[in-house]
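Working notes for the structure below.
The values are calculated or read from the model by the stated rules, or taken from the named source; none is laboratory data. Worth saying up front: this structure is predicted, and the values here are computed from it rather than measured. All Cβ positions, glycine included, derive from the backbone under ideal geometry; neighbour counts span all protein chains shown.
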Amino acid sequence: MSSANAFNDALTDHHGETPIDMAELRRYRQGNGATDAALESAVQEVRRLTLAWSDGRTGQFPLMWLRDHCACDQCRHPLTRERLYKLLDDPLWERFATDEALASFEFDDRSLTLTWQDGHVSRFDAGWLHQRCPGHELTTLLPTATPWVEAFTPAHINHADFVGNGDGRSRWASALLRDGLVMLDQGPCELEEVSRIAESIGPMRSTNFGGRFDVRSVPNPNNAAYTAIGLELHTDLPNWRQPPDIQLLYCLENDAEGGESSFADGFAVAEILREENPEAFRVLSETPIDFRFQDDGDDIAVREPVIDLDGDGRPREIRFNNWIRDTLSLPADRIEAWYEAYRAFWQILRRPERRVELTLEPGQMIAFDNRRVLHGRNAFDPNTGKRHLQGTYLDLDMLQSHLRVLSR
Ligand SMILES: [Fe+2]
């Protein structure tokens, strides 16, 4: 049976059936990595069911996994969708290992129904089981970080498309997750527009510089950003255990001479260093050093390496900020090697083919992943005009969340 009604098609699958409620907001029928393939067979084997779908996918589902993922109102809270079932308290626990836990099961092309020995009934949507089949990775809804190639240029999204009902917001968030840098164009020259944009995604991440900051030259600055001097490429706040993830910088005025912005992909630079100078890469990734900010009210310090690697040896975070690098506290026989390595990394950062340079226009907002992409600016002459940016930070969790919600 197929529906000719486009609206219903969005709520049901194209057979006109409503999916079984799996207490899950991500789509598990059609699109976004979901399938409408029919469940064709279900066979009980030792301690598990083996399921097969019409698209050729097969999977083994341990009985204890199926019981744990029951989505009925007793096992999942009907409003919060959070798990209520506790395997620790399940008297059937011992029987999952002996095949005695399951009394019976039945299936059709859209669903699987299990009746357990204690009388509990679990119903599963076949698309949901297909999507979460053990051994098949759940398709991510997020783009993966892709290192910049030479002469990389960031994606540009119009402010009107970002705030409108189209896909501008998704394109903006996807580019930011993929490239770590994206430009928003032709926004209003209004104070706090950056706050409105940030808060449409998530709460602003506050630091010792506040929740939302102004970048312009001021008397008695506590930070180089609040002067007119040039800023070497850096990451912000590497002296925090968790530096801010995403930075938004919104340009309100920029008619002073100079002040061009520059950016470089720290992950790409780290990979070049690994290739060209493996010893320097090893030193920077294996040697924690101290970063520290101090003023009258705060003293925020952490000891971490410049290049932080994940479990697979890939760069996960770059901490590079020469102003707030603290006293280099290492054994004497490791100090020179560390400086050599630091210098080698910095030299690659300075290569023109590794940098994006741009002049922010009033109404433009640049967004970047502060734990991956380094940023800097040329000196400007405050006597030739005004330069005023407003900025804030966002947690990566909220950016990822935003894109997942947009893709529902
Ligand atoms: Fe900065």
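One line per residue, one yes/no per condition, for (1) crowded, with 17+ Cβ neighbours inside 10 Å; (2) touching a Phe, Trp or Tyr at 6+ places or on another chain (Cβ under 8 Å); (3) more than 26 Å from Arg351 (Cβ to Cβ); (4) among the aliphatic types (A, V, I, L, M):
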{"position": "Val194", "(1), (2), (3), (4)": "yes, yes, yes, yes"}
{"position": "Arg205", "(1), (2), (3), (4)": "yes, yes, yes, no"}
{"position": "Gly211", "(1), (2), (3), (4)": "no, no, yes, no"}
{"position": "Glu253", "(1), (2), (3), (4)": "no, no, yes, no"}
{"position": "Asp265", "(1), (2), (3), (4)": "yes, yes, no, no"}
{"position": "Val283", "(1), (2), (3), (4)": "yes, yes, no, yes"}
{"position": "Thr287", "(1), (2), (3), (4)": "yes, yes, no, no"}
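Return the pair list, or none, for Cβ contacts closer than 8 Å from residues in the stretch 374-400 that are away from the ligand (no atom under 16 Å from the Cβ) to residues that are among the hydroxyl-bearing types (Ser, Thr, Tyr), at least 6 apart or on different chains.
Pro382/Ser217
Is there a residue being under 25 Å from the mean Cα position of the chain (by Cα) and within 20 Å of Gly210 (Cα to Cα) anywhere in the stretch 282-296? Show your work before the answer.
The first filter runs over the stretch 282-296 and keeps only residues under 25 Å from the mean Cα position of the chain (by Cα), leaving 284-286, 288, 291.
Then keep just the ones that are within 20 Å of Gly210 (Cα to Cα); that gives 291.
Yes, the stretch 282-296 contains a residue that is under 25 Å from the mean Cα position of the chain (by Cα) and within 20 Å of Gly210 (Cα to Cα).
What single numbered condition from (1) surrounded by 15 or more Cβ atoms within 10 Å (Cβ to Cβ); (2) within 16 Å of the ligand (Cβ to nearest atom); (3) at pLDDT below 95 fails to hold for Gly258?
(2)
Ala270 fails exactly one of the following numbered conditions: (1) crowded, with 22+ Cβ neighbours inside 10 Å; (2) assigned to a strand (DSSP E or B); (3) more than 14 Å from the ligand (Cβ to nearest atom). What is the number of that condition?
Of everything listed in (1) crowded, with 22+ Cβ neighbours inside 10 Å; (2) assigned to a strand (DSSP E or B); (3) more than 14 Å from the ligand (Cβ to nearest atom), Ala270 misses just condition (2).
Residues Ser170, Ser195: which one is among the polar types (S, T, N, Q), more than 20 Å from Leu374 (Cβ to Cβ) and out of contact with any strand residue (DSSP E or B) (no Cβ under 9 Å at 6 or more places or on another chain)?
Working: Ser195 fails: out of contact with any strand residue (DSSP E or B) (no Cβ under 9 Å at 6 or more places or on another chain).
Answer to the check: Ser170.
Touching a residue at least 40 places away in the same chain (Cβ under 8 Å) and farther than 14 Å from Ser122 by Cβ, is that true of Ala52? Walk me through it before giving the result.
Values: touching a residue at least 40 places away in the same chain (Cβ under 8 Å): no; farther than 14 Å from Ser122 by Cβ: yes.
Against the criterion (touching a residue at least 40 places away in the same chain (Cβ under 8 Å) and farther than 14 Å from Ser122 by Cβ), Ala52 does not qualify.
Limited to the stretch 228-247, what total is found for residues that are within 22 Å of Ser401 (Cβ to Cβ), more than 12 Å from the ligand (Cβ to nearest atom) and buried (at least 19 other Cβ atoms within 10 Å of the Cβ)?
Matching residues across the stretch 228-247 total 2.
Could you check, for the stretch 49-60, whether at least one of its residues is more than 30 Å from Arg404 (Cβ to Cβ), modelled with pLDDT of 95 or more and out of contact with any Asp or Glu (no Cβ under 8 Å at 6 or more places or on another chain)?
Going through the stretch 49-60, the residues more than 30 Å from Arg404 (Cβ to Cβ) turn out to be 50.
Of the ones still in play, those that are also modelled with pLDDT of 95 or more are 50.
Subset that is out of contact with any Asp or Glu (no Cβ under 8 Å at 6 or more places or on another chain): 50.
Among the residues of the stretch 49-60, at least one is more than 30 Å from Arg404 (Cβ to Cβ), modelled with pLDDT of 95 or more and out of contact with any Asp or Glu (no Cβ under 8 Å at 6 or more places or on another chain), which makes the answer yes.
What number of residues in the stretch 64-110 are among the aliphatic types (A, V, I, L, M), touching a residue at least 12 places away in the same chain (Cβ under 8 Å) and farther than 27 Å from Ser41 by Cβ? Before the answer, list the steps.
Going residue by residue through the stretch 64-110, those that are among the aliphatic types (A, V, I, L, M) are 64, 66, 71, 79, 84, 87-88, 92, 97, 101-103.
Among the residues that remain, those that are also touching a residue at least 12 places away in the same chain (Cβ under 8 Å) are: 64, 66, 71, 87, 92, 97, 101-103.
Retained after the next criterion (residues that are farther than 27 Å from Ser41 by Cβ): 87.
The number of residues fulfilling the criteria is 1.
Consider only pairs whose beta carbons are under 8 Å apart and that are at least six residues apart or on different chains; among these, list those whose first residue lies in the stretch 238-256 and is among the basic types (Lys, Arg) and whose second residue is part of a loop (DSSP other than H, G, I, E, B) and more than 16 Å from the ligand (Cβ to nearest atom).
none
Of the residues Ile201, Ile197, which is more than 10 Å from the ligand (Cβ to nearest atom), farther than 21 Å from Arg325 by Cα and in a helix (DSSP H, G or I)? Give the steps one after another, and end with the answer.
On the way: Ile201 fails: in a helix (DSSP H, G or I).
None of the others qualify; the one that does is Ile197.
Return yes when Gly311 is surrounded by fewer than 21 Cβ atoms within 10 Å (Cβ to Cβ), modelled with pLDDT of 95 or more, assigned to a strand (DSSP E or B) and assigned by TED's automatic domain parsing to the domain that holds Glu275 and no when it is not.
Details: surrounded by fewer than 21 Cβ atoms within 10 Å (Cβ to Cβ): yes; modelled with pLDDT of 95 or more: yes; assigned to a strand (DSSP E or B): no; assigned by TED's automatic domain parsing to the domain that holds Glu275: yes.
Against the criterion (surrounded by fewer than 21 Cβ atoms within 10 Å (Cβ to Cβ), modelled with pLDDT of 95 or more, assigned to a strand (DSSP E or B) and assigned by TED's automatic domain parsing to the domain that holds Glu275), Gly311 does not qualify.
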